[in-house]
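Working notes, beginning with the structure itself.
What follows is calculated from the coordinates using simple rules that are stated; it is not laboratory data. If you're wondering where the values come from, they're calculated on a predicted model, not measured in any experiment. Here Cβ is always computed from backbone atoms with ideal geometry, including for glycine, and neighbour counts include all displayed protein chains.
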Amino acid sequence: MKKLQLQLTEFNQPKTVTIETLKNWFPSGKFDKRMPWDCVNKWIATNKKYLDFLHVQYTWDNNTGLSFEPSDLVGIAPLKNPYNQEVYGTIIVKPRIKLNTLSEILESIDWKLEPEFWESEEPIMHHGMLPRWVKAVATLRAIEKALSPPLRGMQKIYETKNSPVGTVDWYNYALTKIPTGNWDRFKTQCTDYTIDLDIHRQFKGIINLIEIDVSTTNVPVKIKKDALPSIHKLKKTLFNVTLEAPEIDKLKKAQIPPFYQATYERARQQGISYLKQSRISLSSAQFWGFPWKIEMSKLFEFWVEHVCYRFAKLIGANFYSDIRKNAKLRLIPFTRWSGLRELKPDIIIDKENLVMIIDVKYKKHLLYLRSGNSTPEIEEEHRKDVHQVLAYAGLSPNIDKRAVLIYPRLSNEIIIEKAEVVSYKNTKGNMMLFKIDVPFDEEELLTLLHRIWNSDFN
């Protein structure tokens, strides 16, 4: 059997696999075209958890075949042969942008949002796997935090000595040593002040591994810049510690110093996660790694927030966002109050008398409305989005207000819509509503934000 690859594009139309093609997904003689659903049902039962992991919906039609509809999640998961349960392919949900661009976007937002990995699954090989250096900086910071307090009294050692040093177990001495004539045998507890401990040897091995990983050419510059100072500092701290190859089992069993259990445990778990993440196969130039996924709606929101922050700094404006948890609009009740107590706009930018309220919507609505392909459900949801951003803007004390809905660009057409809000008394309320779509292009979004701020639209 050929290696199976089911490739979808997030936020796209369903992809249908014909019955004739489905035959190739099964070992020779195992697909019965007279009862295709029975065979397909066995395949779905085996791979359902992987489809669910990527939120891929599936439907069966006796005439057309098996259809797969992706959500706004992108990622990679294995596909297994329903007859021997071995991995024989992958399901890939690609972003509308290129995978290498995905890494650049994660870098631009300082990796505030990271992919979710399915670490309980066996690693799979594919060029789209995310390597372990994705977690390099987080791992280094955890180890750095564990090693930041003074390294004293690191480990308790229990020994039998010929003189009463340290903390002597006198009860044991009186009960077992005196009656047997072992007057010079004392069971003691001593403190070992060396830092050459198993846990530190494992940490040093992980740091050495990270240094090798981030030195490769395909690692983003941002990760290298963040990782290298920590690597140099930690290597200096652990200079007198024996270098040991990191192993998950050794790391799990290594004794943690009693004074710093919480920080050491976090560093240990981060190190285990790093070691589990992946290994690079130099012979095939591909990555072994765990299945992963990332929600594009969240990534889009984080990216828009990052660009809007840049814009606010450029014009010297104040910046607030839900991501930074400083954009709440609160309701202060004077009587007993039930339900909603605060509103959370995605982004607020204000300067003097002008405010721009931005709500990020990773939806197809703007394109569908523009092309006339909307449904009553889409129109109703879009109406709620407009109400929401206008309500946010209406609560602002600023005189001039810009309410902006930002959508992803899903076609080659550039969509920019502008309207002036007129009250029920037919008077202007100093509020403008904008609806725009943008690609993952920082300079284009910055230009649009400048135009909206200056109301530079005819």
| remark: Quick note, segment 4-94: a/c under 1.5 would make it rounded; otherwise a/b > b/c is prolate and the rest oblate (a ≥ b ≥ c, C-alpha gyration tensor); here it is oblate
| query | How would you rank 20, 247, going from fewest to most other Cβ atoms within 10 Å of each one's own Cβ? | reply | 20, 247
| request: Can you tell me what the convex hull of the Cα atoms of segment 296-453 projects to on average, as an area in nm²? | output: 11.0 nm²
| said: Neighbour counts of other C-beta atoms within 10 Å: give me 52, 72 arranged from fewest to most. | reply: 52, 72
| task | Kindly rank 29-36, 206-213 from highest to lowest mean number of other beta carbons found within 10 Å of each residue. | result | 206-213, 29-36
| message | Just want to confirm a number: the relative contact order over the chain, from Cα pairs under 8 angstrom separated by 6+ residues, in percent. | response | 13 percent
| Shape category assigned to segment 376-458 from the gyration tensor of Cα positions, a/c cut at 1.5 | oblate
| query | Over segment 329-448, what is the mean sequence separation of C-alpha contacts under 8 Å (at least six apart), divided by residue count, expressed as relative contact order in percent? | reply | 23 percent
| Can you give the angle from 0 to 90° between the axis of helix 296-315 and the longest principal axis of the chain, with both taken from C-alpha atoms, to the nearest 10? | 80 degrees
| remark: In degrees rounded to 10, the 0-90 angle between helix 99-108 Cα long axis and the longest Cα principal axis of the chain is 80 degrees
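Would you list 363, 222, 48 from fewest to most Cβ contacts within 10 Å?
Fewest-to-most ranking of 363, 222, 48: 48, 222, 363.
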| note | Residue by residue through segment 176-184, the couplings from Karplus 6.51 cos²θ - 1.76 cosθ + 1.60 with θ = phi - 60°, in Hz, x for Gly and Pro, are 10, 8, 4, x, 9, x, 8, 5, 9
| task | Read phi for every residue in segment 359-366 and hand back ³J(HN,Hα) as whole Hz from Karplus 6.51 cos²θ - 1.76 cosθ + 1.60, θ = phi - 60°, with x for Gly and Pro. | result | 10, 9, 10, 8, 9, 8, 4, 4
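Net charge near residue 431: determine it from the other residues with C-beta under 11 Å of the C-beta of residue 431, scoring Lys and Arg +1 and Asp and Glu -1.
Combined, the nearby Lys, Arg, Asp and Glu give +1.
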| message | Quick query: amide H of residue 8 versus all other amide H atoms, modeled in the peptide plane; which residues come in under 5 Å with a sequence gap of 5 or more or a different chain? | response | 92, 93, 94
| task | Any chance you could give the angle, 0 to 90 degrees and rounded to 10, that helix 221-237 forms with the longest Cα principal axis of the chain? | result | 20 degrees
| query | If each of residue 325 and residue 163 carries a label point 7 Å out from its Cα toward its Cβ, how far apart are those two points in nm? | reply | 5.5 nm
| message | Can you tell me the length gained on complete extension of the stretch residue 236 to residue 318, counting 0.36 nm per residue apart and subtracting the Cα distance? | response | 25.4 nm
| remark: Expressed in angstrom and ordered largest first, the alpha-carbon extents of the chain along the principal axes are 105, 72, 52
| message | Quick check on my link table: of 49/435; 112/428; 42/253; 80/361; 361/401; 49/364, which ones sit more than 30 Å apart, alpha carbon to alpha carbon? | response | 49/435; 112/428; 42/253; 80/361
| So what's the back-of-envelope 222 nm ellipticity for the chain, counting only DSSP H runs of four-plus at -39500 (n - 2.57) apiece and dividing by all residues, rounded to 500? | -11000 deg cm²/dmol
| said: Could you check the spin-label model distance between residue 447 and residue 119? Points 7 Å from the Cα along Cα→Cβ, value in nm. | reply: 4.4 nm
